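Step one of this worksheet: look at the structure below.
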Amino acid sequence: GVGMGMTAPVSITAFPAEDGSFQQKVKVSLRIPSQFQDNPPCPTDESIKIEERQGMTIYSTQFGGYAKEADYVSYAAKLKAALGSDAAYRKDFYLCNGYDPPMKPYGRRNEVWFVKE
């Protein structure tokens with residue numbers, strides 16, 4: 001029953017298939033605002049879970065526009081190519097992040113993150 005407003009980024013955990021496309025399973029994560037961090041309200045929907053994301057080191061690339069699945073897949077492939085075979089990062093998932101509300105038409109920011117191992 002507590003309204004927290006929209007936070008950024010909205011983070012989607014993508015689990016890539018062999019061809020790089022998203023599998024059906026994705027996880028959407030929203031940051032809990034600072035004033036609720038120590039004592040977050042309990043979700044009333046059992047499909048919503050509160051998780052603590054540990055600190056991480058990431059490899060990242062940024063792009064603009066209204067991001068679609070194909071954009072995230074494309075930029076993930078570009079990031080993978082730029083890193084080459086020497087970089088150690090999680091291959092079983094990556095994070096797709098959007099920072100802007102839907103009504104913002106210009107100057108949009110999106111990122112793909114690979115989590116360093």
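For segment 44-59, the criterion of being in contact with a strand residue (DSSP E or B) (Cβ under 8 Å, 6 or more places away or on another chain), within 14 Å of residue 97 (Cα to Cα) and modelled with pLDDT of 95 or more is satisfied by at least one residue.
Quick check, is residue 7 under 21 Å from residue 111 (Cβ atoms) and modelled with pLDDT under 90? Against the criterion (under 21 Å from residue 111 (Cβ atoms) and modelled with pLDDT under 90), residue 7 qualifies. Within segment 39-47, does at least one residue satisfy the condition of being touching a residue at least 40 places away in the same chain (Cβ under 8 Å), β-branched (Val, Ile, Thr), open to solvent by 40 Å² or more (accessible area, probe 1.4 Å) and in contact with a Gly (Cβ under 8 Å, 6 or more places away or on another chain)? Yes, some residue in segment 39-47 is touching a residue at least 40 places away in the same chain (Cβ under 8 Å), β-branched (Val, Ile, Thr), open to solvent by 40 Å² or more (accessible area, probe 1.4 Å) and in contact with a Gly (Cβ under 8 Å, 6 or more places away or on another chain). Here is a check on your reading of the model: is residue 23 exposed (fewer than 10 other Cβ atoms within 10 Å of the Cβ) and farther than 15 Å from residue 114 by Cα? Answer is no for this residue.
Within segment 78-97, can one find any residue that is farther than 22 Å from residue 2 by Cα, among the charged types (D, E, K, R) and open to solvent by less than 70 Å² (accessible area, probe 1.4 Å)?
So far as segment 78-97 goes, no, none of its residues is farther than 22 Å from residue 2 by Cα, among the charged types (D, E, K, R) and open to solvent by less than 70 Å² (accessible area, probe 1.4 Å).
Residue pairs whose Cβ atoms lie under 6 Å apart, separated by 6 or more positions or on different chains, with the first residue in segment 93-117 and under 17 Å from residue 61 (Cβ atoms) and among the hydroxyl-bearing types (Ser, Thr, Tyr) and the second open to solvent by 40 Å² or more (accessible area, probe 1.4 Å) and not in a strand (DSSP E or B), are 99/8; 99/109. Every condition in (1) hydroxyl-bearing (Ser, Thr, Tyr); (2) touching a Lys or Arg at 6+ places or on another chain (Cβ under 7 Å); (3) farther than 17 Å from residue 115 by Cβ holds for residue 57 except the one numbered (3). The residue list 50, 32 contains one member that is over 12 Å from residue 110 (Cβ atoms), surrounded by 13 or more Cβ atoms within 10 Å (Cβ to Cβ) and more than 14 Å from the chain's Cα centre (by Cα), which is 32.
The values are calculated or read from the model by the stated rules, or taken from the named source; none is laboratory data. Computed from a predicted model, the values in this text were never measured in an experiment. Using ideal geometry, Cβ is built from the backbone for each residue, glycine included, and neighbour counts are taken over all protein chains shown. Surface accessibility is based on the protein's heavy atoms, side chains included, excluding ligands, DNA and RNA. Shrake-Rupley method; radii C 1.70, N 1.55, O 1.52, S 1.80 Å.
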